[in-house]
1. Identify, please: which residue in the range 53-71 is within 16 Å of residue 112 (Cα to Cα) and at pLDDT 95 or above and is, among those, surrounded by the most Cβ atoms within 10 Å (Cβ to Cβ)?
2. I'd like the full set of residues that are in contact (Cβ under 8 Å) with a residue 40 or more places away in the chain and in a helix (DSSP H, G or I), limited to the range 195-219.
3. Within the range 220-229, is even one residue among the hydrophobic types (A, V, I, L, M, F, W, C), surrounded by 15 or more Cβ atoms within 10 Å (Cβ to Cβ) and without any contact (Cβ under 8 Å) to a residue 12 or more places away in the chain?
4. I'd like the full set of residues that are at pLDDT 95 or above and either more than 17 Å from the chain's Cα centre (by Cα) or among the hydroxyl-bearing types (Ser, Thr, Tyr) (or both), limited to the range 89-109.
5. Which of the residues that make up the range 243-253 are in contact (Cβ under 8 Å) with a residue 60 or more places away in the chain and within 15 Å of residue 207 (Cα to Cα)?
6. Does residue 166 meet the test of being surrounded by 19 or more Cβ atoms within 10 Å (Cβ to Cβ) and touching a residue at least 24 places away in the same chain (Cβ under 8 Å)?
7. Hey, residue 50 hits all of (1) farther than 30 Å from residue 148 by Cβ; (2) modelled with pLDDT under 95; (3) not aromatic (Phe, Trp, Tyr) but one; which does it fall short on?
Amino acid sequence: MSNIRFGIHLSSVTPFVQTEEELSHTLKKLADIGYTSAQLYGVPYSIPDEAVASALKEAGLACPAMQEDYPFSQPAERIVERAAACGCQYLVIALFPLQVGDIYHLEHVARKLEEIYRLAKAKGIIFSFHPLRWDFRPLDGTPIYERLLAQLPEDAQLTYCVYGSLGAGSTPEEILRAYAGRVDLVHFKDRRKMSGNRDMLLPLGEGEVDWAPIAAACKKAGVKYIFAEQERWSRDAFDCAAASFRYLEGLGL
């Protein structure tokens with residue numbers, strides 16, 4: 001079993017990192033809550049990489065991973081450059097593919113992802129694919145994300161967002177067991193089902209997900225980081241971040 005570090009995904013506070021001043025203020029607030037690491041996300045490229053790295057350092061936050069959604073707002077080389085400047089060990093790619101209807105299309109996407117993988121690897125950064133809910137759909141009987149990862153190099157990782165797989169057929173414990181050693185990063189995002197098949201996102205421990213057995217499965221799978229994530233709030237975003245931090249502390253990771 002591994003000792004897991006936990007941090008916060010900056011999607012949880014994206015509206016508050018849109019200028020250099022906001023970024024610095026927000027990172028310090030997260031550090032004051034108790035977080036010691038963050039997954040970089042949503043910081044505009046108009047803010048120089050040096051300023052992003054400096055703001056993280058001044059707040060005392062490690063930045064082990066950066067996530068970008070596809071289609072990219074910048075060339076892939078520029079994205080890898082920022083990840084390297086911020087000292088990231090992992091580059092996480094999500095929202096790619098949005099729609100996959102056949103095996104041929106999936107193979108095409110895999111080749112595109114492999115190009116990004118090679119750019120990252122040249123900088124000593126580990127590539128990781130982050131499936132979203134539609135990526136857990138079956139394609140000819142096998143989930144899309146499984147087919148995609150099988151076509152990527154063996155050292156390409158899975159970033160597993162537990163929320164995305166809820167109700168998809170496999171339990172979090174099964175997914176973590178299947179990808180043990182290849183799933184260093186996991187996102188914890190809690191919810192409560194509402195009418196009309198809507199989800200309300202909540203701080204960890206305030207929703208419907210039983211996180212304790214999932215945390216135990218993360219340890220067995222060799223997960224290195226768990227990031228709290230909550231992109232929508234019904235109260236102050238930093239209050240939600242603090243509630244998730246307290247919950248993660250209580251899990252004994």
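The values are calculated or read from the model by the stated rules, or taken from the named source; none is laboratory data. Because the structure is a prediction, the values reported are computed rather than measured. Don't worry about glycine lacking a Cβ; one is built from the backbone with ideal geometry, like all the others, and counts go over all protein chains shown.
1. Kept after step one, since they are within 16 Å of residue 112 (Cα to Cα), are these residues of the range 53-71: 68-71.
Filter once more, so that each one left must be at pLDDT 95 or above: 68-69.
Details: 68: 25, 69: 16.
So the residue we want is 68.
2. Scanning the range 195-219 gives 211, 213, 214, 215, 217, 218, 219.
3. Filtering the range 220-229 down to residues among the hydrophobic types (A, V, I, L, M, F, W, C) leaves 221, 223, 226-228.
Still in the list and also surrounded by 15 or more Cβ atoms within 10 Å (Cβ to Cβ): 221, 223, 226-228.
Next, only the ones that are without any contact (Cβ under 8 Å) to a residue 12 or more places away in the chain stay: none.
Checking the range 220-229: not a single residue is among the hydrophobic types (A, V, I, L, M, F, W, C), surrounded by 15 or more Cβ atoms within 10 Å (Cβ to Cβ) and without any contact (Cβ under 8 Å) to a residue 12 or more places away in the chain.
4. Taking the range 89-109 first, the residues at pLDDT 95 or above are 89-94.
Once the filter is applied, which keeps residues that are at pLDDT 95 or above and either more than 17 Å from the chain's Cα centre (by Cα) or among the hydroxyl-bearing types (Ser, Thr, Tyr) (or both), the range 89-109 yields only 90.
5. Correct list: 244, 245, 248.
6. Numbers: surrounded by 19 or more Cβ atoms within 10 Å (Cβ to Cβ): no; touching a residue at least 24 places away in the same chain (Cβ under 8 Å): yes.
Against the criterion (surrounded by 19 or more Cβ atoms within 10 Å (Cβ to Cβ) and touching a residue at least 24 places away in the same chain (Cβ under 8 Å)), residue 166 does not qualify.
7. Failed condition: (2).
Yes or no, residue by residue, for (1) within 22 Å of residue 227 (Cβ to Cβ); (2) touching a helix residue (DSSP H, G or I) at 6+ places or on another chain (Cβ under 9 Å):
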position: 116; (1), (2): yes, yes
position: 127; (1), (2): yes, yes
position: 137; (1), (2): no, yes
position: 147; (1), (2): no, yes
position: 154; (1), (2): no, no
position: 158; (1), (2): yes, yes
position: 183; (1), (2): yes, yes
position: 187; (1), (2): yes, yes
position: 210; (1), (2): yes, no
